[in-house]
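Colleague: Pasting in a structure now, in structure tokens, and then I'll have a few things to ask.
The values are calculated or read from the model by the stated rules, or taken from the named source; none is laboratory data. Note that this is a predicted model, so its numbers are computed, not measured. Remember, those area values only see protein heavy atoms, side chains included, never the ligands or the DNA or RNA. Shrake-Rupley method; radii C 1.70, N 1.55, O 1.52, S 1.80 Å.
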Amino acid sequence: MNKMIDLLKQFGLSEYGSKAYIYLVQNPGITAYKLSELSSVPNSKIYESLNKLEEQGLVYYNLQNQKKFYYAISPKQTVELFEKKQNNALIQLEEEMDKLNIANQNDAIQIEVLTNASNIYSNISETVKTAKKQITVSIWPDIYEVIDKNAHKDIHIQGMTFQVDKPGHDLINHRYTNYVQSSLTLKPFIVIIDNQYMIYGQTPDDDMRAYISRDSTQIKMMKDYIWHDVLVNLYISKFEENIEDEITLKRKRFFS
């Protein structure tokens with residue numbers, strides 16, 4: 001009996017509830033007083049135990065002459081009830097675990113690395129084809145050609161280009177500066193698809209490499225960077241005086 005009590009406790013029955021249930025299966029149609037006597041469940045606890053068993057659907061009673069005579073459902077029905085409750089609990093647990101997994105995926109920064117021109121251009125080419133609404137970029141002529149060729153016509157392409165002759169879409173060509181000239185050998189780029197997927201890196205001929213990220217925080221930071229670049233280039237032309245030397249000096253101090 002001890003083993004059966006331990007097993008029943010795994011399905012939410014108390015020590016007293018397990019004893020009461022076992023003795024009711026063996027002695028159906030008895031009063032709470034008689035059940036207390038047979039099962040050694042204290043009389044002060046027997047009604048509490050029976051009420052709990054009723055709530056769990058394991059016990060019911062018939063009222064005769066204003067007395068309650070208790071019955072337990074059959075062992076087969078009990079197993080089926082436990083199985084149903086366990087399956088429901090597992091379904092609910094799976095649903096909650098799925099939410100937890102999504103949260104973990106969003107929290108963890110997972111980055112893939114691409115290390116050659118073929119892989120990089122192929123990834124960009126295939127990815128822009130999947131865009132549903134928007135592509136945000138900071139790109140040079142080589143990647144501009146890939147995106148312009150493969151993106152669907154109704155996709156909004158926005159951001160910054162470097163040394164692209166009359167870029168189309170909603171793109172602004174970066175003014176030619178000392179910084180742009182120094183970046184010619186590295187050609188750093190960013191491509192963001194629908195705010196959910198990003199590939200970024202550099203495409204020099206001797207060391208092409210790129211990184212893929214789906215992390216929402218990282219993508220937002222990069223998009224903010226592109227917007228800042230767009231904003232500066234939109235309004236810097238409004239200044240008549242040449243401030244390039246001053247900007248160069250401040251940039252050196254900032255990154256030193």
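Colleague: Helix-only mean residue ellipticity at 222 nm, the chain, DSSP H runs n ≥ 4 weighted -39,500 (n - 2.57), per residue, nearest 500. What is it? Intermediate results must be reported in sequence, preceding the final value.
Modeller: Working: 10 runs with 135 residues, N = 256.
Rounded to the nearest 500, the figure is -17000 deg cm²/dmol.
Colleague: Here's another thing I want to ask about it. Excluding ligands and nucleic acids, what accessible area in Å² is computed for D170 using a 1.4 Å probe, to the nearest 10?
Modeller: Here the accessible area works out near 80 Å².
Colleague: Let me ask you something else. Show me the helices of the chain, taken as full DSSP H stretches, that run 20 Å or more along their long axis by Cα and average -0.5 or above in Kyte-Doolittle hydropathy.
Modeller: Working: long enough: 75-107 (47 Å, -1.13); 216-236 (30 Å, 0.16).
Helices meeting the span and hydropathy rule in the chain are 216-236.
Colleague: Under 5 Å between amide hydrogens, which residues at least 5 positions from I157 or on another chain qualify, with H placed 1.01 Å from N in the peptide plane?
Modeller: For I157, the qualifying residues are I135, D170.
Colleague: Next up: Roughly speaking, to the nearest percent, how much of the chain's 1.4 Å accessible area is carbon and sulfur?
Modeller: Ligands and nucleic acids excluded, carbon and sulfur reach 52 percent.
Colleague: Going down the table (K129/K149; K133/K153; K153/K223; K99/K220; K34/K68), which pairs top 19 Å between alpha carbons? Please list the in-between numbers first.
Modeller: Values: K129/K149 10 Å; K133/K153 10 Å; K153/K223 22 Å; K99/K220 22 Å; K34/K68 11 Å.
Check vs 19 Å cut-off fails for K153/K223; K99/K220.
Colleague: Under a 1.4 Å probe, what is the accessible area of the stretch 1-98 per residue, stated in Å²?
Modeller: Details: 6610 Å² over 98 residues.
Accessible area per residue, the stretch 1-98: 67 Å².
Colleague: Over all directions, what mean area does the Cα convex hull of the chain project, stated in square nanometres?
Modeller: The orientation-averaged projected area of the Cα hull of the chain comes to 26.0 nm².
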